[in-house]
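Visitor: First the structure, then my questions, so here it is.
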Amino acid sequence: MSYVKHLRNVLVFLIATTVLAFAQATPATNSQAPATAPASEPVTTADVPEISTQEQSPSFQVKVNLVEVRVVVRDAQGKAIGNLTQNDFVLLDDKKPQTIKRFSVEHHDVTLETGGAPTATSGSDVHSHLAGSWRLTYLFDDFNSSPNDLTNAQKAANQAIDSLAPGQLLAIYTLSGQGNQDFTDNKDLLRAAVAKLQPRPQYTSGPGQCPPIDYYLADLIVNTMDAHALSVVTAEVTSCQFEGHSSFFAEGLARQAAQRVEALGESQDNVALQTFNAVVGRITSFTGERTLVFASPGFFVGTVQQAALTDALNRAIRAGVVVNTLDLRGAAPSPIFGTDISERASGTALASADILQYRQQYNLAQTDSLMQMSNTTGGKYVHNTNDFTAGLGSLSVPPAYTYSLAFTPAILKNDGKFHNLKIELKQPAGYTVQARKGYFAPFPGGTNDQIKREIAEAVFAQDEIHELPMRVQTQFFKSADDSAKVLVLIRVDVRHMQFKKADGRNLNELTVVAALFDRNDNFVTAKSSTVKMHIKDVTLDTKLGSGITVKNNFDVKPGGYKVRVVARDEQGKMLTQNEVVDIP
């Protein structure tokens, strides 16, 4: 099994562990759900207990669709600034102003010295800071890179490895999954992984083929029904297969070629995005700063996979992973004129010029994907330079400040359509704003899966959200010198929750997940409780002053642990909180 498949399995396991934990819920009260009534005696509202737990996955409607936007603001010198407030920003969704529901600013106290080695900006111990709270990952695109691209990447990566501070952890991955190296401070292992880099394209197309069609052109024909693109490829087929003589079969062969190349390109996109998700999943099994540097000559994401790319970047945002991108093509070459001598001559001069124009558009589309990855996650994009060592070094640290904005679209239909986003400053003052350009609305259906994934991903995030009236407490008890129990108490202030009214009851459903991580931020286990509330008005007013308590406990060995609690109610409101437990 390749290492990338192993990473995917790890991510699936982590999410599945949280989801399956729903089936092992810890009761919040002693109330029990009633036995199933006979078919002739249907259960009425009066028969439903006011507070109960069920040992099954939660099923509730999405009431709030929260769109998260990571923003970096830089001054005229390119330095990130961090003194802005929520009121300084204007957020537009399809040109309509939106209310910012959540706002936070993150300060990353890591910077670059002249030599390229990361250091802390304060007087803290840089080594312990980096080893304990910052993870750096290099992801190399061996699908689309040429041998020269990867040679440049290897030189830059080896320079970066030489500059690593003692104890600093680095991981090296590839889109193909070949030659991966998990997090380590062993420079010999890292150099060995870099030495294994080589092009591993999933398919080849373009020069030398008949017709000379690439993924971009194929996507235009297959997915956007571009008639002009089809006519250009048909002319190429007429030239290279029929010696310039008109043929009834030329257009059909052009369509077949486009469908074949589009399918291959879509498959490669799919593998690349799966790898990206798996790497992000691996990074998010650790807390602290997470920086992913993607080194690529650019890659094209077809129409079918655009929504999948947006979804992958959304996961990175929720996990707090900054994605920086390095364009391995280097300084922009001179414009291409004429026809590639490796190709057979086109049927007409017009077709040849059109193929050249489409190829230039393909190059721009490949660049757009790198820009999208960095802009969306608050990262940085380095391009048009042959100094790959300096470029990789500058990308190996997060920006000094990033802002996290989130809003709930006033009207959002589950139609899968793209929404344009624009983030502006009320007083620009010469600053530049770097943020995602848009997002895709959810597709119809799949609501429960989306919610389960949202909860699972929140477990492996690091931010804290306090939208629910809940308090978290942790305690530990040592039963012996080598064993202990961690108790997690979640107190829910029911009287200050929001409810939906029906049949004289106050309805809501609360899912609470308590996850345990070890001192190295490795996931250990998770437990979940789903509390169904059908509370009468009189009970809510007179009997629940002290709230209700959800309890979870873990059997552990002495040591340091982090407990992360994630709660989500039926209204879409959340609580995420971290607690540290040290057991001597």
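Visitor: From the C-alpha coordinates alone, can you work out the Kirkwood hydrodynamic radius of the stretch 164-251, in Å?
Guide: Kirkwood hydrodynamic radius for the stretch 164-251: 16.8 Å.
Visitor: Please list the three semi-axes, largest first and in whole Å, of the ellipsoid equivalent to the stretch 479-584, using sqrt of 5 times the eigenvalues of its alpha carbon gyration tensor.
Guide: Calculated on Cα positions only, the semi-axes equal 33, 14, 10 Å.
Visitor: Over the residues of the stretch 385-430, compute the C-alpha Rg and express it relative to 2.2 N^0.38 Å.
Guide: In units of the 2.2 N^0.38 Å rule of thumb, it is 1.87.
Visitor: Which residues in the stretch 528-570 place their backbone N less than 20 Å from a point set 7 Å from the Cα of Arg495 along the Cα-to-Cβ direction?
Guide: 533-550
Visitor: Now, a different point. Would you pull out the residues with amide H under 5 Å of Lys101's amide H, same chain only if 5 or more places away, H placed 1.01 Å from N?
Guide: Amide H neighbours of Lys101: Ala406, Phe407, Thr408.
Visitor: Moving to a separate point now. Taking the Cβ of each residue in Tyr403, Tyr561, Tyr138 as the centre, tally the other Cβ atoms inside 10 Å and list the residues starting with the fewest.
Guide: Arranged by neighbour count, lowest to highest, Tyr403, Tyr561, Tyr138 become Tyr561, Tyr403, Tyr138.
Visitor: Can I ask one more? Hand me the trypsin sites (Lys or Arg not before Pro) from the stretch 473-549 located in a DSSP loop with no more than 14 other Cβ atoms within 10 Å, in residue order please.
Guide: The qualifying sites are Arg519, Lys543.
Visitor: For the stretch 354-448, give the magnitude of the charge dipole about the Cα centre (Cβ charges: +1 Lys/Arg, -1 Asp/Glu; no others), in debye to the nearest 20.
Guide: Dipole size: approximately 260 debye.
Visitor: Please give the length that would be gained between Val580 and Ala480 if that part of the chain were fully extended, namely 0.36 nm times their separation in residues minus their C-alpha to C-alpha distance (nm, one decimal).
Guide: Between Val580 and Ala480, full extension yields 33.9 nm more.
Visitor: Taking amide hydrogens as modeled 1.01 Å from N in the peptide plane, which residues meet the under 5 Å criterion relative to Leu139, leaving out close sequence neighbours?
Guide: Tyr173, Val293, Phe294, Ala295
Visitor: So for the stretch 494-552, considering every pair of alpha-carbon atoms, how many percent are separated by more than 18 Å?
Guide: Counting every Cα pair in the stretch 494-552, those more than 18 Å apart make up 47 percent.
Visitor: For the stretch 152-299, what is the convex hull volume of the alpha-carbon atoms per residue, in Å³?
Guide: 125
Visitor: Show me, for the stretch 505-511, the HN-Hα J-couplings you get by feeding each phi into the Karplus relation (A = 6.51, B = -1.76, C = 1.60, θ = phi - 60°), rounded to Hz, glycine and proline as x.
Guide: Each residue's phi maps through the Karplus curve to give 10, 9, 10, 6, 9, 10, 10 Hz.
Visitor: From the phi of every residue in the stretch 303-315, what ³J(HN,Hα) in whole Hz does the Karplus formula 6.51 cos²θ - 1.76 cosθ + 1.60 yield, where θ is phi - 60° and glycine or proline is x?
Guide: After applying 6.51 cos²θ - 1.76 cosθ + 1.60, I find 4, 5, 9, 4, 5, 5, 5, 4, 4, 5, 6, 4, 4 Hz.
Visitor: At a 10 angstrom cut-off on C-beta neighbours, averaged per residue, how do the peptides 256-266, 78-88 rank from highest to lowest?
Guide: 256-266, 78-88
Read-outs throughout are calculated quantities, based only on the coordinates presented, and are distinct from any laboratory measurement. The structure presented is a predicted model; accordingly, all values stated were derived computationally and were not measured. Because the Cβ atoms are built from the backbone with ideal geometry, glycine has one as well, and the counts that use them run over all protein chains shown.
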